Amino acid sequence: MRMKNSQEAIRRIIFIILIFTSISAGARETDTYALFTQVAELTARREFNAALELFNTLGDPAAQTSAVQLMRASILNSAGRHGEARTIASGIISREPNNVDALLVLATSFAADGRDRDQRTHLERVLRIDPQNLKAHSDLGYNALRANSLRTAAGHFDRALAIDPNYREALVGRAILFRYAREPQRSENLLNQAIRQNPNWATPYHERARLYRGAGFLEDALADLDTAKRLESDNYWISVDRAITLIEMNRRQEALEELNRAVPLSPESFPAYVYRAGLRDHFGDFEGAAQDYTVLMRIRPEYYFAAEGLGIIRMRNGQHAEARDAFLAAYRQAPREFRYALLAAYNWMRAGRPADPRQFLSQVMRTAPRDSADWHLLRLFHDLSGDLDMAARIDREQNLDTRAIMTFYLGLYHDARGHRNTANTFFLRKREMNRRGIIEWNINEMLLEQRGIRAQ
């Protein structure tokens, strides 16, 4: 919603400027009016840099007025240049502390930088000056929504709609809350209203698509996303949601193409990489998937599934040192997932000598519950003995998932020790257990495929 807030601020300030031009004189009035009309057109087309360049052609005193400067600041916000916008708005507030438009521009710049508390402070200041300010009420609604304060958000949206039942930002915000509250009909009614009144605005189509996708109406969702994409082609989240919808429709190639388009729109946002890595893996583009996992590990290290995915791909390629490092990264982020420690240890052994991970495993064993399956598997890899005891434990294990996990790692142990035929026996036994809901299933199938052992 942050970009749309900037767009609304621009519309408000253009109105102020047009009033200003109406009291200008002669040819200059016509020239100034034409310039701001062109700025408005460029902004509507999201050609922000071109719009900003036009301000350099505007002479004094018009260029120095607060209204013109705030228009420029609003466009800077839309262009992602939030610091510059904030500098302009702050300067105006220092001279005009009750300038509502300057406070709104400043609040929008804070929101764009994720500084929600600062945004809220400035919006509340606006309401003390202008209690009926629609934008402040609506933006506070979105601020509360991001904080998951749903009741507070609803109150702000309801107050905005009480002032103006057609205020489009509040219509969409309230519709989102009705979707969260599982009141789909009320949500759809508000979104339909917003679309009827604003047919060229992408946001209500996008939100209605989310509503439809959640209800399982995938064709309707895709139709709305297609419209939203046409109206706002550079919107990262529209592109990502469209890709997710295509995945759910089993149109994976189209989804991959959409994600390839989404990534450059916001290179530091992680969802597109997550879905694209999975699709690349699905289509056998393992190096492409590895590249996405590597980016994810950089921008979102706590998302340890990326390190897991990279580790599996490096195992596939026989790059055991790199696989070890990836699984160690996953384990550092999820230190209670002892299977990452075991996968790291296996690859460590394959990359060097069997005893190399012993010190690491000794440290991990101190954190594992004593006499758990994890602890005994860690001890197996640490001691480099005890495989017969482990086989007996597997036979006694009642939990089928745990039995399958123990069988797989016993196979890995033998593989790391060079007992290839014995390892294959356990990998085949793991396949026969058919426990597909654990991460070891895919690794097990990968190892059997590499050995030329096909499913019967």
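The table below lists the values:
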quantity: Extended-chain gain in nm, criterion 0.36 nm per residue less alpha-carbon gap, ARG182 and ALA44; calculated: 46.3 nm
quantity: Simple label model, 7 Å out from Cα along Cβ direction - ASP285 to ARG298, nm; calculated: 1.8
quantity: Equivalent ellipsoid semi-axes, segment 134-233, via Cα gyration tensor eigenvalues times 5, rooted, Å; calculated: 22, 15, 11
quantity: Distance (nanometres) between label positions extended 7 Å along Cα→Cβ at GLU432 and SER385; calculated: 3.0
quantity: Highest average packing first - 282-288, 360-366, Cβ atoms within 10 Å; calculated: 360-366, 282-288
quantity: Sites ARG451 and ARG230 - FRET efficiency at Förster radius 56 Å, r taken between beta-carbons, to 0.05; calculated: 0.65
quantity: Degrees separating the helix 387-396 axis from the principal Cα axis of the chain, which is the longest one; calculated: 70
quantity: Amide N proximity, segment 206-227 versus ASP116 label position 7 Å along Cα-to-Cβ, cut-off under 20 Å; calculated: 207
quantity: Inter-label distance for ARG146 and ARG366, nm, one decimal - labels placed 7 Å from Cα along Cα-to-Cβ; calculated: 4.2
quantity: Cα gyration tensor category, rounded, prolate or oblate, for segment 48-205 with a/c compared to 1.5; calculated: prolate
quantity: Contour minus Cα-Cα distance for GLU124 and ARG396 (0.36 nm per residue); calculated: 91.5 nm
quantity: Cα long-axis angle, helix 236-248 against the chain (0 to 90 degrees, to the nearest 10); calculated: 40
quantity: Per-pair calculated FRET efficiency, R0 = 51 Å: ASP164 and ARG358 via Cβ, rounded to 0.05; calculated: 0.15
quantity: Rounded if a/c under 1.5, otherwise prolate or oblate - segment 167-225, Cα gyration tensor axes; calculated: oblate
quantity: Crossing angle, helix 320-333 versus the chain [Cα axis fit, 0-90 degrees, rounded to tens]; calculated: 60
quantity: Calculated P(r) tail over 19 Å for segment 301-450, as whole % of Cα pairs; calculated: 48
quantity: At R0 = 22 Å, FRET efficiency that the Cβ-Cβ distance of GLU248 and ASN192 yields, to 0.05; calculated: 0.40
quantity: Structure-derived mean projected area of the Cα convex hull in nm² - corresponding label in [x] 27.2; [y] 30.8; [z] 21.8; calculated: [x]
quantity: Relative contact order (percent, whole number), the chain, Cα cutoff 8 Å, 6+ residue spacing; calculated: 5
quantity: Segment 362-430-segment 189-230 distance, computed between alpha-carbon centres (Å); calculated: 51
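Values in this text are rule-based calculations from the coordinates and carry no lab data. Not measured: the values here are computed from a predicted model. Using ideal geometry, Cβ is built from the backbone for each residue, glycine included, and neighbour counts are taken over all protein chains shown.
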